[in-house]
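S.K.: Sharing a structure with you now.
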Amino acid sequence: MHAFSQASLDELKASTRGHETRLQLPRYERQRAAAGVVHLGLGAFHRAHQAMVFDTLLAQGDARWSVLGVAMRSTALADALEPQDGLYTVQVASAAGRRWQIVGAVQKTCVAAREPQLVIDAIAAPSTRWITLTVTEKAYGPELAALLVKGLAARHAAGLGGLTLASCDNLSGNGHKLRQLCLDAAQHKDAALAAWISARCTFPNSMVDRIVPAATPLHRTDAAAVTGLDDACALGTESFWEWVIERDFADPLDAAALASAGVTVVDDVLPFEQAKLCMLNGSHTAIALMGAVMGLPTVADCVAQPDIHWFVHQLMTGVMMPQLRRPDLPAYRDALLARFANPDLRHKVHQIASDSSLKIPLRWLGTVQARLASGQAVEPLAFASAVWLRYLLAEDEQGQAYAISDPLGETLQALAQQHRGDAAGTVQALLALPSVWGDALPANPQWTSRLNFWLERIQSVGVAAALSQLRAAETTSR
């Protein structure tokens, strides 16, 4: 087995030139230009999403999109990619089958905590045009701001032009938040620098979507079978991807370039953000909680159950879609259902169910409140919320214990155990958490009544039988 590097890639390219193959290779000259993108938050999602978009642009002959991949703290991935010259293999799986792609967009890697000056110098380099970020919400703080502002200050001092700084995460209004973070930090440093950032740099809001499960040893084995190379950084993803970005670029011509690679450039990202948050993320949480309690390991295993498939379709169609403005919502719903059913992803329910006390307020609460305010039924979300209360017992219906990964995990589990078997007591205790449910829902009789009803049914007959009862009731009421 050959080690993976630019040299071994060149040999592979020479041996496959002119031959039909299920492996897509970067046939452009990777080293002919300095990096044009500094990416902060090197990880699986970036490598299976933005880096693949930039790979397409490079393959089209636009050499400005090579990436310096910056891990913020962890050294493992950056150090594994370095001897591979930034190269890695991605398995793209869909109902139509699998294909493989070696991605060449990541030219070099480093670690911000270990090599901060290298990152600052890269931001200030004449070739740099973009900064992209895939960091967590909690990373939007002073440390990130200081790093960016130091780089932008060096750029300003050198008399260079501004940059596009694009946040590629699940944070709503991410571009606005990043802009304010940088301006506040720059203002403390130098008012002239803050004015330059405000005038010359852009911070487009962005919505990104692609399911990228954690890499497994099987990805490495499968990649080796296809390429003949030992790739320590192989990963897998689905065929679906989406990047919706606001039309706000330091170089306005970038809109057409991105669109040529399949990116959706719009004037307002918010309708796409809201649809993803409710329909993808909200449904994902509901599926994961049901699967965890029922003892089903993956999302695909869950939606293979006819009643769960019906539930997700009903949740999106009857409850979420009426509140949303994204174009082509039925097509988006159908694409989501197909993605959830993809067995190749092996997206584990306990991974998705983690941090649910933080996710529920963002993914369900707005829809619940809107429907209650307009006198509409909340049955599917009341059912999902009752499943969450059952999930907090940390034991599935076969008696198998599992860990709850949540900032409030110990408190939530203790409350659930304290009121075990008492539906009304459980609802009363766990609704009294304003960080999850806000202040109004605990006092809403319609909401508490439906939660009590469904938790009692789940405790008595199990999730599957209760779900069947919900389906029968919903079908009869039409």
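S.K.: Which translational diffusion coefficient, to the nearest whole µm²/s, is obtained for segment 349-398 from the Stokes-Einstein equation, given a Kirkwood hydrodynamic radius over C-alpha pairs, 25 °C and 0.890 mPa s?
M.R.: 203 µm²/s
S.K.: Ok, one more. How large a share of the accessible area of the chain, in percent, is made up of carbon and sulfur atoms when the probe is 1.4 Å and the other protein chains stay in place?
M.R.: The nonpolar share, carbon plus sulfur, comes to 53 percent.
S.K.: Mean shadow of segment 195-302, computed from the convex hull of its alpha carbons, in nm²?
M.R.: Average projection, Cα convex hull of segment 195-302: 10.6 nm².
S.K.: Follow-up. Which entries of K108/K138; K108/K189; K138/K177; K177/K276 have Cα-Cα distances beyond 21 Å here?
M.R.: Violating the 21 Å Cα-Cα cut-off are K108/K138; K108/K189.
S.K.: Additional query: Compute the projected area of the convex hull of the Cα atoms of the chain, averaged over all viewing directions, and report it in nm² to one decimal place.
M.R.: 23.8 nm²
S.K.: Over the Cα atoms of segment 327-418, what is the Rg over Rh ratio if Rh follows Kirkwood?
M.R.: Over the Cα atoms of segment 327-418, Rg/Rh equals 1.02.
S.K.: Next question. Taking a cut-off of 17 Å, what percent of all Cα-Cα pairs in segment 1-130 are separated by more than that?
M.R.: 58 percent
S.K.: Kindly sort K276, K150 by accessible area of their heavy atoms, largest first, with the probe set to 1.4 Å.
M.R.: In descending accessible area the options line up as K150, K276.
S.K.: Report, please, the projected area of segment 338-478 averaged over directions, based on the convex hull of its C-alpha atoms, in nm².
M.R.: Computing the convex hull of the Cα atoms and averaging its projections yields 9.3 nm².
S.K.: Tell me which of Q305, L329, T237 sits at the most positive position along the dipole axis of the chain, charges placed on C-beta atoms (Lys, Arg +1; Asp, Glu -1).
M.R.: Sorting the options by dipole projection puts first L329.
S.K.: Just to verify a number: what accessible area does M321 come out at with the full protein assembly present, 1.4 Å probe, Å² rounded to tens?
M.R.: Probe radius 1.4 Å; accessible area of M321 about 30 Å².
S.K.: Also, I was wondering about something else. Once you keep just the Cα pairs under 8 angstrom separated by 6 or more residues, what percentage relative contact order results for the chain?
M.R.: The value is 12 percent.
S.K.: State in Å² the accessible area per residue of segment 90-217; use a 1.4 Å probe, count heavy atoms of protein chains only, and round to the nearest integer.
M.R.: For segment 90-217, the solvent-accessible area averages 40 Å² per residue.
S.K.: Using a probe radius of 1.4 Å on heavy atoms only, what accessible surface per residue do you get for segment 317-445? Whole Å² is fine.
M.R.: Here the residues of segment 317-445 average 44 Å² of exposed surface.
S.K.: If you bin the C-alpha pair distances of segment 141-266 every 5 Å from 0, what whole percents do you get?
M.R.: 2, 10, 15, 15, 13, 13, 12, 9, 6, 3, 1, 0
S.K.: Also, quick follow-up: Provide, for q = 0.20 Å⁻¹, the log10 of I(q)/I(0) from a solvent-free Debye sum over equal Cα point scatterers in segment 114-207.
M.R.: Taken in order of the listed q values, log10 I(q)/I(0) reads -0.94.
S.K.: Binning every alpha carbon pair distance of segment 225-269 at 5 Å from zero, what are the percents per bin?
M.R.: Here the calculated profile for segment 225-269 is 5, 17, 20, 14, 9, 11, 12, 8, 4.
The values are calculated or read from the model by the stated rules, or taken from the named source; none is laboratory data. If you're wondering where the values come from, they're calculated on a predicted model, not measured in any experiment. Don't worry about glycine lacking a Cβ; one is built from the backbone with ideal geometry, like all the others, and counts go over all protein chains shown. Side chains are part of the model used for accessible areas, which takes the heavy atoms of the whole protein and leaves out ligands, DNA and RNA. Shrake-Rupley method; radii C 1.70, N 1.55, O 1.52, S 1.80 Å.
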